[in-house]
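Student: So that we are looking at the same thing, I have put the structure below in structure tokens.
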Amino acid sequence: DLCYLQRAAGDPLPPAPFPDLAGLPFSSETNADRFASMIEQTYVDTLDCPGLKGTRSGMEAVVGHQTSGEFDPARWKIYSHEGRDVGLLLMNDHPDQDAWEVVYTGVVPEARGRGYGRAILIDGLRQVRASGRRSLLLAVDRRNVYALDVYASLDFREIATRAAYVRVSPDRAK
């Protein structure tokens with residue numbers, strides 16, 4: 001089951017816990033492979049839809065995430081801290097909803113539990129606010145209690161729940 005969450009962009013934001021967290025924007029010419037690799041790294045031991053592990057490669061995820069809403073590479077970033085990649089945030093625009101959507105976010109296993117996910121989301125919320133959009137939307141696996149705690153701490157509110165079903169192609173099911 002997925003929880004759909006929303007947060008108003010204009011609500012006050014906490015200070016960034018890592019002021020020197022650096023975001024590298026996506027470029028299909030120069031770093032698409034790096035984004036695909038980061039996505040695959042964040043899949044390791046994930047609590048967010050673990051049953052989907054292995055159903056698509058990082059590059060298939062990159063291509064698929066570009067189709068949800070309006071894609072702009074400037075809204076996709078890999079975040080690094082002290083020279084090490086710690087996570088990524090992919091957001092697309094939904095003008096019809098006056099919102100941006102987190103189409104994917106993840107933190108690499110060795111950086112989890114240190115506040116990077118929260119810091120990345122705070123940066124994303126700052127970008128949404130600067131864009132003039134009203135809110136940020138996302139979906140999360142109801143079993144991912146750690147992510148739900150982070151979202152709750154940033155004042156995301158549940159707006160819907162839905163069961164997710166995935167059809168796996170026969171060659172991937174093996």
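The values are calculated or read from the model by the stated rules, or taken from the named source; none is laboratory data. Keep in mind the model is a prediction, meaning the values are calculated, not measured. Heads up, the Cβs are rebuilt from the backbone with ideal geometry, glycines too, and the neighbour counts pull from every protein chain shown. SASA here: full protein model, heavy atoms, side chains in, ligands and nucleic acids out. Shrake-Rupley method; radii C 1.70, N 1.55, O 1.52, S 1.80 Å.
Student: Return yes when Ser80 is outside any helix (DSSP H, G or I), polar (S, T, N, Q) and modelled with pLDDT of 95 or more and no when it is not.
Tutor: yes
Student: Now for a separate question. Can you tell me which residue among Met38, Met59 is open to solvent by 50 Å² or more (accessible area, probe 1.4 Å) and among the aliphatic types (A, V, I, L, M)?
Tutor: Residue meeting the stated conditions: Met59.
Student: Mind checking which residues of the stretch 116-147 are open to solvent by 30 Å² or more (accessible area, probe 1.4 Å) and either modelled with pLDDT of 95 or more or closer than 22 Å to Met38 by Cβ (or both)?
Tutor: The answer is Arg118, Asp123, Arg126, Gln127, Arg129, Ala130, Ser131, Gly132, Arg133, Arg134, Ala139, Tyr146.
Student: Shifting gears a bit: Given the criteria modelled with pLDDT under 95 and of a type in the set (D, E, K, R), does Arg75 qualify?
Tutor: no
Student: Continuing with this model, one more query. If I ask for residues that are without any contact (Cβ under 8 Å) to a residue 60 or more places away in the chain and not in a helix (DSSP H, G or I), which ones from the stretch 106-162 would you list?
Tutor: Those that are without any contact (Cβ under 8 Å) to a residue 60 or more places away in the chain and not in a helix (DSSP H, G or I): Arg112, Gly113, Arg114, Gly132.
Student: I would also like to ask the following. In the stretch 16-35, how many residues are more than 21 Å from Pro109 (Cα to Cα), open to solvent by 40 Å² or more (accessible area, probe 1.4 Å) and at pLDDT 90 or above?
Tutor: Of the residues in the stretch 16-35, 4 are more than 21 Å from Pro109 (Cα to Cα), open to solvent by 40 Å² or more (accessible area, probe 1.4 Å) and at pLDDT 90 or above.
Student: Considering each of Arg112, Arg172, Arg162, Arg157 in turn, give the residue that is open to solvent by 20 Å² or more (accessible area, probe 1.4 Å), touching a Lys or Arg at 6+ places or on another chain (Cβ under 9 Å) and at pLDDT below 95.
Tutor: After ruling out the rest, the residue left standing is Arg172.
Student: Related question: So is Glu60 in a strand (DSSP E or B), under 26 Å from Arg142 (Cβ atoms) and out of contact with any helix residue (DSSP H, G or I) (no Cβ under 6 Å at 6 or more places or on another chain) or not?
Tutor: no
Student: A further question follows. Which pairs have Cβ atoms under 8 Å, sit 6 or more apart or on different chains, and link a residue in the stretch 80-100 that is farther than 16 Å from Val140 by Cβ and open to solvent by less than 30 Å² (accessible area, probe 1.4 Å) to one that is assigned to a loop (DSSP other than H, G, I, E, B) and among the β-branched types (Val, Ile, Thr)?
Tutor: Val86/Val108
Student: Being within 21 Å of Ala163 (Cβ to Cβ) and either at pLDDT 60 or above or in a loop (DSSP other than H, G, I, E, B) (or both) is the filter here, so list the residues in the stretch 44-57 that pass it.
Tutor: Thr46, Leu47, Asp48, Cys49, Lys53, Gly54, Thr55, Arg56
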